[in-house]
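Asker: Pasting in a structure now, in structure tokens, and then I'll have a few things to ask.
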Amino acid sequence: LVIATLDEHGNVQEVYGRKILDNLRVGTPRHLYLKGGHKGVWNVEALASAKDVILCEAHIDALTFWCAGHRNVTTSYGAQGFTEDHLAAFAKYGTQKVLIAYDRDEAGDKGAAAVAPRLAAAGIDVYRVLFPHEMDANEYARAVHRGAAQGGQVTPTSEALGLLLRSAQFVLKGKRTTPPASAPSIDVAAASP
């Protein structure tokens with residue numbers, strides 16, 4: 001499976017490849033990228049149209065949200081693959097809230113913990129989507145589809161993912177560097193008795 005990351009002009013910035021079979025030679029990587037540093041932001045159109053953005057760890061998980069109707073989604077390049085391109089795009093489009101939907105495993109938790117303060121320092125409120133332990137978005141969606149995640153009850157995937165988004169755990173408040181335009185300036189010295 002090959003997924004391209006395009007910029008606003010349709011130019012390829014990055015390519016992600018995923019081997020989908022399990023009968024691979026020993027040592028064959030399952031996830032592949034272009035050589036060099038990661039560039040670009042997948043689904044940058046979502047940043048232009050939404051102030052709240054879902055940030056996944058992997059393209060497959062981001063596509064899971066997208067296919068379930070949650071189109072305000074993008075992805076890092078793995079648990080440690082959040083780049084300056086992501087921060088620049090969030091700033092450019094005025095992202096106000098990021099819901100980190102990394103895998104609920106040790107790598108995903110460490111990655112989310114590393115990304116959260118970077119987002120908050122950029123003035124973005126940060127939340128953590130809590131999948132069941134050892135699950136990612138795609139595994140959770142497939143379990144919901146089979147009825148396994150809801151105790152045998154089948155729930156539409158879009159609703160189940162929406163519930164997780166709405167119940168995301170607050171992590172950090174964005175540190176705004178400038179006051180809102182409507183806030184009056186107050187002379188502290190003049191206001192003191």
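Asker: R0 = 25 Å: FRET efficiency of Glu134 with Thr83, Cβ-based, nearest 0.05?
Answerer: 0.45
Asker: If you don't mind, another one. Straight-line reach only, C-alpha to C-alpha below 28 angstrom: list the lysines that Lys19 could link to, leaving out same-chain residues fewer than 8 apart.
Answerer: Lys35, Lys39, Lys110
Asker: Can you give the charge dipole size of the chain about its Cα centre, rounded to the nearest 20 debye, using +1 on the beta carbon of Lys and Arg and -1 on the beta carbon of Asp and Glu?
Answerer: About 40 debye.
Asker: To the nearest 500 deg cm²/dmol, what mean residue ellipticity at 222 nm is calculated for the chain from DSSP H runs of n ≥ 4 alone, each contributing -39,500 (n - 2.57), summed and divided by the residues?
Answerer: -9500 deg cm²/dmol
Asker: OK, next. Summing +1 for each Lys or Arg and -1 for each Asp or Glu, what net charge is found among the other residues whose Cβ lies under 12 Å from the Cβ of His59?
Answerer: -3
Asker: Hey, can you find the accessible area per residue of the range 1-152 for me, probe 1.4 Å, expressed in square angstrom?
Answerer: 49
Asker: Continuing with this model, one more query. So for each of 96-105, 64-73 I average, over its residues, the number of other beta carbons within 10 Å; can you give me the resulting order with the highest mean first?
Answerer: With the highest mean Cβ count within 10 Å placed first, the list reads 96-105, 64-73.
Asker: For Leu21 and Thr155, calculate 0.36 nm times their separation in residues minus their Cα-Cα distance, and state this gained length in nm to one decimal.
Answerer: Stretched out fully, the Leu21 to Thr155 stretch lengthens by 45.4 nm.
Asker: How about Lys51: which aspartates and glutamates have a C-alpha closer than 16 Å to its C-alpha, ignoring those fewer than 8 places off in the same chain?
Answerer: Asp125
Asker: Which parts of the range 72-98 would a label at Arg176 reach, counting a residue when its backbone N lies under 16 Å from a point 7 Å out along Cα-to-Cβ?
Answerer: 94-98, by backbone N distance to the label point.
Asker: Next question, about the same structure. Would you be so kind as to identify which of Val53, Tyr16, Val41 lies farthest towards the positive end of the dipole of the range 1-133, taking Lys and Arg as +1 and Asp and Glu as -1 on Cβ and the Cα centre as origin?
Answerer: Checked the options; the winner is Tyr16.
Asker: Right, something else. Counting only protein heavy atoms and using a 1.4 Å probe, what share of the accessible area of the chain belongs to carbon plus sulfur, as a whole percent?
Answerer: Carbon-and-sulfur percentage of accessible area, whole number: 56.
Asker: Counting Lys and Arg as +1 and Asp and Glu as -1, what is the net charge of the other residues whose Cβ lies under 12 Å from the Cβ of Val126?
Answerer: In short, +3.
Asker: How much net charge surrounds Ala116 when only the other residues with a Cβ under 13 Å from the Cβ of Ala116 are counted, with Lys and Arg +1 and Asp and Glu -1?
Answerer: +4
The values are calculated or read from the model by the stated rules, or taken from the named source; none is laboratory data. A quick note: this is a predicted structure, and the numbers were derived from the prediction, not measured. When we count neighbours, we look across all protein chains shown, and the Cβ atoms used for this are built from the backbone with ideal geometry, even at glycine. Protein only, heavy atoms only, side chains kept; ligands, DNA and RNA dropped before computing areas. Shrake-Rupley method; radii C 1.70, N 1.55, O 1.52, S 1.80 Å.
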